[in-house]
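The values are calculated or read from the model by the stated rules, or taken from the named source; none is laboratory data. Only a predicted model underlies this, so the values are computations on that prediction, with no experimental measurement involved. All Cβ positions, glycine included, derive from the backbone under ideal geometry; neighbour counts span all protein chains shown.
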Amino acid sequence: MQRLKASVTAIDATEMNAPLYSIPGSTGRTAVADPVVASSTSAVPAEADAVAVPRTVAEVLAQSRIDDVMDELDRDLVGLIPVKTRIRDIAALLVIDKLRAGFGLSAQSPSLHMCFTGNPGTGKTTVALRMAEILHRLGYVRKGHLVAVTRDDLVGQYIGHTAPKTKEVLKKAMGGVLFIDEAYYLYKPENERDYGQEAIEILLQVMENQRDDLVVILAGYQDRMDTFFKSNPGMSSRIAHHLDFPDYAVPELLTIGERMLDQQHYRFGEGAREVFDDYLQRRLQQPHFANARSVRNALERARLRQASRLFADRDRVLTHEDLTTIEVGDIRSSRLFAA
Ligand SMILES: Nc1ncnc2c1ncn2[C@@H]1O[C@H](COP(=O)(O)OP(=O)(O)O)[C@@H](O)[C@H]1O
Ligand SMILES: [Mg+2]
């Protein structure tokens, strides 16, 4: 199994029309992450707006407009039925919690920390972005931005470096969602004095004491996460919701591929979808297969080949169709078909 490095490469929020978010320690994308901009279109259910205390589910939905996000989630993301169902359940819980609050029934803010398990490219980061938006619209987090980090963003190399690093990340994430990818790397019992433990302890405190202002989502492989929770019962007990992201079946991957092409104004030419189907069946057997991310990467390469193919013919007048079509050959010349 491959270890994902920085989360920077894993994320492509633009394609999903999702809000962008900041990644501490990354240099490439900073300004785009302004959480104020990211959430400016959403309805913030501020107390002042609530002319009347909502008494029906419809009123809460109308005030928060989470329906839009839920519909988008259903529409934009292929498959993932169990995940979508769980998100609806969580949203229902929160909506009812709002109605209960109207009667003064909920004293304590609900624990919303979550764990997303699944193989690479199954949509964990993408769904976390949507989750941040839902929590924001319902008023559970002030800003609704998402800060994605890995161990290296939290843990220092030298004594005394970890606490400031972790606190800095937490500061950035306050009012939103902190997404910790491959969270189990924080715990390295094989290293005698590992600074990861220090980061875990700070996280635990904040997850408990500031849970009305920060939601933490831990993500990674299921088996490693299970092991991590066994050794870190404190962390395990603070996670209220576990969502498991299944691998996609080939037909789902094909649909995902078609959607990705469509978003970039490409389409499969005659027979190309079938060849891509064949490609995916082969790719699935290869090491480092990463679900929807492998689809994205394969299509990137197909686009490169299409461009080289068109580039080779200097005098040809290129039509709209020429420029938008991925042909059989653009996929077939992948090295996967060489053997
Ligand atoms: N169900 C889906 N429908 C459409 N695109 C998807 C789906 N799941 C993942 N993707 C796309 O695949 C890529 C990888 O997804 P990501 O959320 O980064 O996966 P993970 O965080 O689990 O590694 C992204 O470009 C994302 O938009
Ligand atoms: Mg990810």
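Okay, here's what the table says:
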item	result
Spans of helices (runs of 4 or more DSSP H) in the range 85-180 with at least 2 residues within 16 Å of ligand 2 (Cβ to nearest atom)	124-137, 151-154
Odd one out for ASN291, checked against (1) touching a Phe, Trp or Tyr at 6+ places or on another chain (Cβ under 6 Å); (2) more than 25 Å from GLY118 (Cα to Cα); (3) in contact (Cβ under 8 Å) with a residue 60 or more places away in the chain	(2)
Out of ASP262, ASP223, ASP212, ASP247, sole residue that is within 16 Å of ligand 2 (Cβ to nearest atom) and out of contact with any strand residue (DSSP E or B) (no Cβ under 7 Å at 6 or more places or on another chain)	ASP247
The range 311-329, residues that are outside any helix (DSSP H, G or I) and either farther than 13 Å from GLY269 by Cβ or of a type in the set (A, V, I, L, M, F, W, C) (or both)	ALA312, ASP313, ARG314, ASP315, ARG316, VAL317, LEU318, ILE326
Which listed residue is at pLDDT 95 or above and either in contact with a Cys (Cβ under 7 Å, 6 or more places away or on another chain) or over 28 Å from LEU61 (Cα atoms) (or both), from THR166, THR126	THR166
Single condition LEU243 does not satisfy, out of (1) closer than 30 Å to SER109 by Cβ; (2) modelled with pLDDT under 95; (3) of a type in the set (A, V, I, L, M, F, W, C)	(2)
In the range 95-138, the residues that are more than 14 Å from ligand 1 (Cβ to nearest atom) and in contact with a Gly (Cβ under 9 Å, 6 or more places away or on another chain)	LYS98, GLU133, ILE134, LEU135, HIS136, ARG137
Residue list for the range 100-119, restricted to those being over 15 Å from PHE179 (Cα atoms) and under 29 Å from the mean Cα position of the chain (by Cα)	GLN108, SER109, PRO110, SER111, ASN119
Selected residue (only one of LYS171, LYS167, LYS188 is without any contact (Cβ under 8 Å) to a residue 24 or more places away in the chain, away from ligand 1 (no atom under 13 Å from the Cβ), within 20 Å of ASN232 (Cβ to Cβ) and not aliphatic (A, V, I, L, M))	LYS188
